[in-house]
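The block underneath contains the structure these notes are about, expressed in structure tokens.
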Amino acid sequence: MKVRKGPSNKGMILELLRSAEMRTRIELSQITGLSLPTVMKWVDEFIAKGIVLDGGVGASTGGKPPRLLRFNYQSHHIVGIDINGSRIDVVLMDLAANVLRNRIRDIGSYNSFEQVVSYVCQMIHAVLEGSGLERNDILGIGVGISGVVDHTTGFLRRFPAFGWENVDLIAPIQRRFGLPVIVENDAHAAAMGEKLVGIAADYKNFVYINIGDEANAALVVGGALCYGQGTGMNTFGHFTVDRNGLKCACGRRGCLNTIVTPGAIERKTREALANLRDGQGSLILDMAYGHMDRVNIYTIIDAAENGDALAVNILKMAARCLAAAIVNITCLVCPEAIILDGKLLRNSHTFLEELRGQVQRESALLSGNPIPIRLSSLGKHLCAIGVASMILNQFIENGGDALSLRAAM
């Protein structure tokens with residue numbers, strides 16, 4: 001397992017400035033243990049580049065009042081992109097992760113690689129046009145995608161939604177805009193977004209889980225992403241929780257993807273409705289006006305929130321299966337928190353509370369302390385902000401030096 005390295009001493013200084021409203025040169029020297037002349041040299045460089053600004057005079061502690069320093073969150077901007085099986089989301093954000101402009105485009109169930117790249121380039125152009133920014137003002141372009149990404153090369157190895165395999169998203173976007181481009185799995189991107197600009201800032205070790213078309217996860221240890229061989233922890237949805245369950249696309253039975261995803265819950269619900277005996281009923285059918293093909297995750301959630309026993313039982317059973325997988329992870333890595341996202345988790349109180357209760361009860365039995373379960377804080381642009389934040393992280397680690405373009409391959 002590979003853990004990404006942390007920042008250099010120069011990057012550490014810049015991160016301290018980014019993470020606080022104001023700091024002084026002496027304070028930076030004391031926190032890092034670096035000599036004051038070294039700190040002053042690097043701070044002067046940051047000021048010359050416009051990354052750090054003079055914040056005025058601080059309070060005197062008996063001698064000459066120190067000069068305050070503040071990070072300039074508008075010194076650069078980043079483009080973040082989220083590509084999944086149904087839409088493309090492009091954001092332009094500053095270094096405080098404020099989304100300044102964005103474009104969203106719904107896309108169909110199948111698109112060619114060339115067509116999606118064309119859409120992405122059009123949307124990047126749209127968010128940059130009229131922004132008043134020059135190319136040098138943009139640190140780079142980050143692309144988060146719900147597929148298997150080889151983090152060592154940035155190649156997209158597999159994107160099941162469109163049937164893509166072994167494609168290079170970096171090259172055509174980099175050629176079009178002349179900016180550094182990174183590609184990352186959406187769960188990894190979201191996890192680092194939470195760490196850098198979200199609710200996980202104070203956590204060194206946590207697990208991020210997203211329940212979408214598949215169940216995906218990312219592990220952060222020591223404040224850095226953990227990668228496995230090549231592609232990392234992108235197979236969370238293939239945790240086996242029921243060996244007698246449905247056959248998964250991977251060929252095995254009872255994977256999380258066949259139980260806890262919205263699609264799996266919809267299939268389970270339709271089967272249960274079809275097997276209702278005479279005299280039995282369900283609010284789900286009433287909400288779908290008696291049409292089985294109109295039953296979706298939202299009608300199931302609404303029925304459960306209104307006390308429908310069938311909907312409640314199906315959601316709770318799925319939540320317990322997800323809880324079992326989460327508890328297995330916690331036995332190995334002892335995270336400080338579990339951070340969750342996905343429309344099922346955000347919309348179903350029944351599912352979330354069953355999951356939270358099960359995980360906290362079992363984790364308390366195993367370790368003596370219940371593990372906090374928290375919902376993601378980054379909102380609807382989660383993945384786009386997350387992958388843009390990864391570019392911000394590289395910029396900080398580089399000590400404010402520009403990211404490099406990938407060499408032509």
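The values are calculated or read from the model by the stated rules, or taken from the named source; none is laboratory data. It should be emphasised that the depicted structure is a prediction, and the values quoted were computed from it without experimental measurement. Note: ideal-geometry Cβ built from the backbone for every residue, glycine included; neighbour counts use all protein chains shown. We work out accessible area using only protein heavy atoms, side chains counted, and drop any ligands, DNA or RNA first. Shrake-Rupley method; radii C 1.70, N 1.55, O 1.52, S 1.80 Å.
Here are the numbers:
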{"read-out": "Dipole moment magnitude, nearest 20 debye, the stretch 275-346 about Cα centre, only Lys, Arg, Asp, Glu C-beta charged", "value": "160"}
{"read-out": "Mean Cβ neighbour count within 10 Å, used as a protection proxy, ranking 134-140, 379-385 highest first", "value": "379-385, 134-140"}
{"read-out": "Volume per residue that the Cα convex hull of the stretch 6-114 spans, once the total is divided by residue count, Å³", "value": "139"}
{"read-out": "Solvent-accessible surface (1.4 angstrom probe) belonging to Arg87, in square angstrom, nearest 10", "value": "50"}
{"read-out": "Whether the stretch 208-334 is rounded, prolate or oblate, judged on the alpha carbon gyration tensor where a/c under 1.5 counts as rounded", "value": "prolate"}
{"read-out": "Centroid-to-centroid separation of the stretch 257-294 and the stretch 143-159 [C-alpha atoms, Å]", "value": "35"}
{"read-out": "The stretch 126-191 - accessible surface per residue (Å², probe 1.4 Å)", "value": "37"}
{"read-out": "Accessible-area value, His125, 1.4 Å probe, nucleic acids and ligands omitted, Å²", "value": "80"}
{"read-out": "Residue-averaged [θ]222 nm for the chain, counting only DSSP H segments that reach four residues, each worth -39500 (n - 2.57)", "value": "-12000 deg cm²/dmol"}
{"read-out": "Per residue accessible area of the stretch 257-409, 1.4 Å probe, in Å²", "value": "46"}
{"read-out": "Mean separation of Cα contacts under 8 Å, 6 or more apart, over the residue count of the chain: relative contact order %", "value": "19"}
{"read-out": "At most 12 other Cβ within 10 Å, DSSP loop - chymotrypsin sites (Phe, Trp or Tyr not before Pro), the stretch 46-135", "value": "Tyr110"}
{"read-out": "Label-to-label distance, nm, for residues given as Ala59 and Tyr298 (7 Å Cα→Cβ offset)", "value": "5.3"}
{"read-out": "Per-residue HN-Hα couplings for the stretch 92-100 [Karplus 6.51, -1.76, 1.60; θ = phi - 60°; Hz; x = Gly/Pro]", "value": "10, 10, 8, 7, 9, 6, 7, 7, 8"}
{"read-out": "The stretch 77-132 - convex hull of alpha carbons, volume per residue in Å³", "value": "69"}
{"read-out": "Modelled FRET efficiency - R0 60 Å, Asn9 with Ala249, Cβ distances, 0.05 increments", "value": "0.80"}
{"read-out": "Accessible area of the chain belonging to carbon and sulfur atoms, whole % at 1.4 Å probe", "value": "49"}
{"read-out": "18 Å Cα-Cα reach of Lys41 towards aspartates and glutamates, excluding residues that sit fewer than 8 places from it in its own chain", "value": "Glu15, Glu27, Asp54, Glu397, Asp401"}
{"read-out": "Rounded to 5, the percent of DSSP beta bridges in the stretch 68-150 classed as antiparallel", "value": "65"}
{"read-out": "Computed Kirkwood radius, in angstrom, where 1/r is averaged over Cα pairs of the chain", "value": "23.1"}
{"read-out": "Solvent exposure, largest accessible area first (probe 1.4 Å, DNA, RNA and ligands not counted), of Met192, Met287", "value": "Met287, Met192"}
{"read-out": "Binned Cα-Cα distances of the stretch 339-409, short to long, each 10 Å bin given as a whole percent", "value": "16, 28, 23, 20, 11, 1"}
{"read-out": "Entries in Lys204/Lys268; Lys204/Lys380; Lys10/Lys195 that, when Cα-Cα distance is taken, lie over 26 Å", "value": "Lys204/Lys268"}
{"read-out": "Gained length - Asp202 relative to Ile26, 0.36 nm times residue gap less alpha-carbon distance", "value": "61.0 nm"}
{"read-out": "Where the stretch 20-72 is the region considered: accessible area per residue in Å², 1.4 Å probe", "value": "58"}
{"read-out": "Ranked order, Trp164, Trp42 - accessible area, probe 1.4 Å, largest first", "value": "Trp42, Trp164"}
{"read-out": "Descending semi-axes in whole angstrom, ellipsoid equivalent of the stretch 80-175, from the Cα gyration tensor", "value": "23, 15, 12"}
{"read-out": "Percent of beta bridges antiparallel (DSSP, the chain, rounded to nearest 5)", "value": "65"}
{"read-out": "Residue-span extension gain [Met40 to Arg346] - 0.36 nm each, minus C-alpha spacing", "value": "105.5 nm"}
{"read-out": "DSSP H segments from the chain that extend 15 Å or more along their own axis, Cα-based, with Kyte-Doolittle mean of 0.5 or above", "value": "113-128, 309-333, 382-397"}
{"read-out": "Lys, Arg +1 and Asp, Glu -1 on Cβ, resulting dipole of the chain about Cα centre, debye, nearest 20", "value": "680"}
{"read-out": "Cα pair distances of the stretch 165-277 binned at 5 Å [whole percent]", "value": "2, 10, 15, 15, 16, 15, 12, 7, 4, 2, 1, 0, 0"}
